[in-house]
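Okay, structure first, notes after.
The values are calculated or read from the model by the stated rules, or taken from the named source; none is laboratory data. None of the values given here were measured: they were computed from a predicted structure. With ideal geometry, Cβ positions are generated from the backbone for all residues, glycine too; neighbour counts draw on all protein chains shown. Note: areas computed on protein heavy atoms with side chains; ligands, DNA, RNA excluded. Shrake-Rupley method; radii C 1.70, N 1.55, O 1.52, S 1.80 Å.
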There are 2 protein chains.
Amino acid sequence: MSLQGQLSASISSSSSAFLAPSVFINSSRAVNVSVPSKRLGVCKCVATPTEEVTAYKTTVSRNANIAKLQAGYLFPEIARRRAAHLVKYPDAKVISLGIGDTTEPIPEVITSAMAQRSYALSTVEGYSGYGAEQGERPVRAAIASTFYKDLGIEEDDIFVSDGAKCDISRLQVVFGSDVTVAVQDPSYPAYVDSSVILGQTGLYQKDIQKYANIEYMKCSPENGFFPDLSTVARTDIIFFCSPNNPTGSAATWEQLTQLVQFAKDNGSIIVYDSAYAMYMSDDNPRSIFEIPGAKEVALETASFSKYAGFTGVRLGWTVIPKQLLFSDGFPVAKDFNRIVCTCFNGASNISQAGGLACLSPEGLKAMHEVIGFYKENTQIIMETFNSLGFKVYGGTNAPYVWVHFPGQSSWDVFAEILEKTHVVTTPGSGFGPGGEGFIRVSAFGHRENVLEACRRFKQLYK
Amino acid sequence: MSLQGQLSASISSSSSAFLAPSVFINSSRAVNVSVPSKRLGVCKCVATPTEEVTAYKTTVSRNANIAKLQAGYLFPEIARRRAAHLVKYPDAKVISLGIGDTTEPIPEVITSAMAQRSYALSTVEGYSGYGAEQGERPVRAAIASTFYKDLGIEEDDIFVSDGAKCDISRLQVVFGSDVTVAVQDPSYPAYVDSSVILGQTGLYQKDIQKYANIEYMKCSPENGFFPDLSTVARTDIIFFCSPNNPTGSAATWEQLTQLVQFAKDNGSIIVYDSAYAMYMSDDNPRSIFEIPGAKEVALETASFSKYAGFTGVRLGWTVIPKQLLFSDGFPVAKDFNRIVCTCFNGASNISQAGGLACLSPEGLKAMHEVIGFYKENTQIIMETFNSLGFKVYGGTNAPYVWVHFPGQSSWDVFAEILEKTHVVTTPGSGFGPGGEGFIRVSAFGHRENVLEACRRFKQLYK
């Protein structure tokens, strides 16, 4: 396939068509962009040209927590800007290294298991209806033995889900509105946004770009992207992602041992996001449960999305050890189980068949190959920015490269790169104020696209 | 296949293996069974024989709302009792007409579309990653044109999801803790339980078997299973399911017109659950949006589960008209969109391919055939209980038969039927106090099993 063909294929096979801005997203953003306009902007938001003006309103008050949210969720917002760019430059060969969306085909050993399960559903013997909300036993067992062997994690501790992002929300429902939370700054925006939605935070403070009542743990080159815990206030919940999205940094044994001790000293619960663990090259812990004592203070979320290209197939899991207890001694896992049973009905049985195939010897080998491919992309991106004289972080242990543009606004850099190279990145400040001055470049992409993007970066910054 | 073979196949293909009681469910129930025991029962709950006793507890308080919940969620509890029965009678040929779980194979026109989509994910051209959180455009368009043609509902109003139960929870997150809710009594337990979890209710009042601050709208033979709205207090949200689960009753044009007017008079929002609409034989509205003015006061959830046997595949949708506004004029759909984008990542792309196939002419024909098959089961069950002299409700417009055992406890009747016939039903009181004295018999089952169950009922009640 020609380079141009590859580029077009990339564009058409990407999610742009699905993420195209709808009337909702556009007008939602217009209204939501600053908090005080919430009430002032009412008429404007209803009376967009495409919507009928209705006089009738219910008397149900809008959820005040949701009204605190700023703009749209980050990635739909990036998709919106990408779509706007395509309107401006309809012939542009846009390359997306923005949202961390996988691009490589799923290995056949995995898709054929899903196809087989689909066909089996047409037979009396192969049909199954409702599965366990916690996931199919063989999948839970395979996850336990593949990722948590000798760590004292059993299949009963594992809840199979439709993805880590969904589980984060369900965890927030378990915790409720009365907990306090800490996040790495910068961090994956679902942690903060779900905290806001559940009412765990105060209002957004525009001047410092932070919500009140969230503890932002600054992670920067100065502290090796690991927070100075001596300056971190005690919270109930600590969201911690390693290898980190977006900085690409992976915490060391020593750092995670410190974190577990910090949680124990404070009686906190760590929500550990290990969605990128298989991308690690360095000898850092793959799971928080490799740290002694972690089972009493941590739970862990993970996902097949970035390992097997399951971003659209939807499959993840959460591990909650029996030893993790609320202050009254009630196991966190039991409340999570109740939420999973009441608010969820299990991941798709077809996706679970895919997950099981991922964890077969052939599936694991195939996943490692796909991950290896993306890691080569990461190298190419790192070398490009290094050669241009940028300070580059991450990459070695994660599919994200974190490029420093000191003193510049992330959104300005994002806009300049998009305008001049037609490459979509992600502005660091979208992950929190600590990301200001950085750009996240994702290594997910066809090789030709990554090479072409790097050629354009070299052109722009030569 | 012999009858015995059919029975065994039914048992092995049912969800019992996945729903088998885990340590969590067992001990959770032991602790949760009455609210005041929450703190007293702490040591007991931790020190079950299979769990290690740990001294360490975090200082994070358990979510007080979740602590209000009674026992386990209804259907896992029924599965637990079924499993306990199998331990007692290992050779029993148990037939499950309890949880409304589909049993018939999915038509091939649908599974082959899912298999094709699976295989396509192994190709560069056919691969797709993250889709739109709201669902793929063709699926949204097909839902709009199939179910809402000429009703003024557009594809942008439709959010594709992993099922109606999951959407109910996401809707509750949108509404937050400050709303008041009404439910039909009896009703599908997810409405009440999710209200409790979000903190919309008071404590459970054991004497009347109701949560404080929920408006229970009694639906009984006396009022034709439609609440006397003149006695119903105003609430923000009104959950309304028609055809109803569990009573099988479908509201008429006149009744739904009354309901819409009631909501409008009160400024309420109706969450209308139409998951069984395709089962209707009578000429009642299939969608709340068939009622003039409903778009200003109602949203609707629906599902492929009971139409196409998708209980394990997971696919549903929610319709939120642009005209549905909070008191400040902000569209409900925009907040739901924000929650869907932040707390969800779209239904599995393979399941969506199945949904699209369901809505093709061949898919619709195949779904109607499966529904017709279950409706024949319903007839058989209705005739059986009628012939035994029971008062029987539902059935005509829903896959559920609602059998009256006046003056008896539902759980006692459930237990007697299970003990003496090895048939699992659902006790009516599991759906609310208004279900006391009733048993729900589900029409989902292989024909041979339904016939055999009816033979056993005739033996028991002759």
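In the stretch A:300-313, what residues are within 7 Å of chain B (Cβ to nearest Cβ) and either of a type in the set (Val, Ile, Thr) or open to solvent by 10 Å² or more (accessible area, probe 1.4 Å) (or both)?
Matches in the stretch A:300-313: A:Thr311, A:Val313.
Could you give me the residue pairs with C-beta distances under 7 Å whose first residue belongs to the stretch B:165-194 and is farther than 18 Å from B:Asn65 by Cβ and touching a residue at least 12 places away in the same chain (Cβ under 8 Å), whose second residue is among the basic types (Lys, Arg) and surrounded by fewer than 24 Cβ atoms within 10 Å (Cβ to Cβ) wherever it lies, and which are 6+ apart or on separate chains?
Every condition considered, the pairs that remain are B:Asp185/B:Lys218.
Is it the case, given these coordinates, that A:Asp167 is surrounded by fewer than 24 Cβ atoms within 10 Å (Cβ to Cβ) and in the same structural domain as A:Ala333 (by TED's automatic domain parsing)?
no
Find all pairs meeting these conditions: Cβ atoms under 8 angstrom apart; at least six residues apart or on different chains; first residue within the stretch B:117-132 and more than 7 Å from chain A (Cβ to nearest Cβ); second residue in a loop (DSSP other than H, G, I, E, B).
Sorted first by the residue in the stretch B:117-132, then by its partner, the pairs are B:Arg117/B:Gly126; B:Ala120/B:Gly126; B:Ala120/B:Tyr127; B:Gly126/A:Pro105.
Report, by residue number, each residue of the stretch A:261-288 that is open to solvent by 10 Å² or more (accessible area, probe 1.4 Å), within 13 Å of chain B (Cβ to nearest Cβ) and polar (S, T, N, Q).
A:Gln261, A:Asn266
Do you know which of the residues in the stretch B:290-299 that are touching a strand residue (DSSP E or B) at 6+ places or on another chain (Cβ under 7 Å) and more than 7 Å from every other protein chain (Cβ to nearest Cβ) is surrounded by the fewest Cβ atoms within 10 Å (Cβ to Cβ)?
It comes out as B:Leu299.
Identify all residues within the stretch B:94-110 that are part of a helix (DSSP H, G or I) and crowded, with 23+ Cβ neighbours inside 10 Å; write none if there are none.
Matches in the stretch B:94-110: B:Ile110 only.
Looking at (1) at pLDDT 95 or above; (2) in the same structural domain as B:Ile270 (by TED's automatic domain parsing), can you tell me which one B:Ala132 breaks?
Failed condition: (1).
Run down A:Ala132, A:Ala142, A:Ala115 and say which single residue is under 26 Å from the mean Cα position of the chain (by Cα) and open to solvent by less than 10 Å² (accessible area, probe 1.4 Å).
Of A:Ala132, A:Ala142, A:Ala115, the one residue that is under 26 Å from the mean Cα position of the chain (by Cα) and open to solvent by less than 10 Å² (accessible area, probe 1.4 Å) is A:Ala132.
For the subset of the stretch B:57-79 comprising residues that are assigned to a loop (DSSP other than H, G, I, E, B) and among the β-branched types (Val, Ile, Thr), which member is nearest to the other protein chains (Cβ to nearest Cβ)? Step through it out loud before you land on a result.
Initial filter on the stretch B:57-79 (assigned to a loop (DSSP other than H, G, I, E, B)): B:57-63, B:68-73.
Next, only the ones that are among the β-branched types (Val, Ile, Thr) stay: B:58-60.
Working: B:Thr58: 5, B:Thr59: 3, B:Val60: 4 Å.
Ranking the candidates gives B:Thr59 first.
Mind checking which residues of the stretch A:182-210 are over 19 Å from B:Gly176 (Cα atoms) and either among the hydrophobic types (A, V, I, L, M, F, W, C) or open to solvent by less than 50 Å² (accessible area, probe 1.4 Å) (or both)?
If the condition is that a residue be over 19 Å from B:Gly176 (Cα atoms) and either among the hydrophobic types (A, V, I, L, M, F, W, C) or open to solvent by less than 50 Å² (accessible area, probe 1.4 Å) (or both), then A:Ala182, A:Val183, A:Gln184, A:Asp185, A:Pro186, A:Ser187, A:Tyr188, A:Pro189, A:Ile208 are the ones that fit.
Considering every residue within the stretch B:401-421, establish whether at least one is in contact with a Leu (Cβ under 6 Å, 6 or more places away or on another chain), surrounded by 19 or more Cβ atoms within 10 Å (Cβ to Cβ) and of a type in the set (Val, Ile, Thr).
Taking every residue of the stretch B:401-421 in turn, at least one turns out to be in contact with a Leu (Cβ under 6 Å, 6 or more places away or on another chain), surrounded by 19 or more Cβ atoms within 10 Å (Cβ to Cβ) and of a type in the set (Val, Ile, Thr).
Could you list, in sequence order, all residues of the stretch B:348-363 that are more than 7 Å from every other protein chain (Cβ to nearest Cβ) and either over 17 Å from B:Glu300 (Cβ atoms) or open to solvent by 10 Å² or more (accessible area, probe 1.4 Å) (or both)?
B:Gln352, B:Ala353, B:Gly354, B:Leu356, B:Ala357, B:Cys358, B:Leu359, B:Ser360, B:Pro361, B:Glu362, B:Gly363 - these are the residues of the stretch B:348-363 that are more than 7 Å from every other protein chain (Cβ to nearest Cβ) and either over 17 Å from B:Glu300 (Cβ atoms) or open to solvent by 10 Å² or more (accessible area, probe 1.4 Å) (or both).
Pairs only if they're at least six apart or on different chains, beta carbon under 7 angstrom, first in the stretch B:218-231 and within 23 Å of B:Phe390 (Cα to Cα), second assigned to a helix (DSSP H, G or I); list them, first residue then second.
Taking only residues 6 or more apart or on different chains, the pairs are B:Lys218/B:Gly434; B:Cys219/B:Gly434; B:Ser220/B:Gly434; B:Phe226/B:Gln255.
I need the full set of residues from the stretch A:381-398 which are surrounded by 14 or more Cβ atoms within 10 Å (Cβ to Cβ), in contact (Cβ under 8 Å) with a residue 60 or more places away in the chain and either within 18 Å of A:Asn223 (Cα to Cα) or of a type in the set (A, V, I, L, M, F, W, C) (or both), in order please.
If the condition is that a residue be surrounded by 14 or more Cβ atoms within 10 Å (Cβ to Cβ), in contact (Cβ under 8 Å) with a residue 60 or more places away in the chain and either within 18 Å of A:Asn223 (Cα to Cα) or of a type in the set (A, V, I, L, M, F, W, C) (or both), then A:Ile381, A:Phe385, A:Leu388, A:Phe390, A:Tyr393, A:Gly394, A:Gly395, A:Thr396, A:Asn397, A:Ala398 are the ones that fit.
Strands (runs of 3 or more DSSP E) wholly in the stretch A:246-349 with at least 3 residues that are touching a residue at least 40 places away in the same chain (Cβ under 8 Å) and out of contact with any Cys (no Cβ under 6 Å at 6 or more places or on another chain) - which ones?
Passing ranges, in order: A:298-303, A:316-319.
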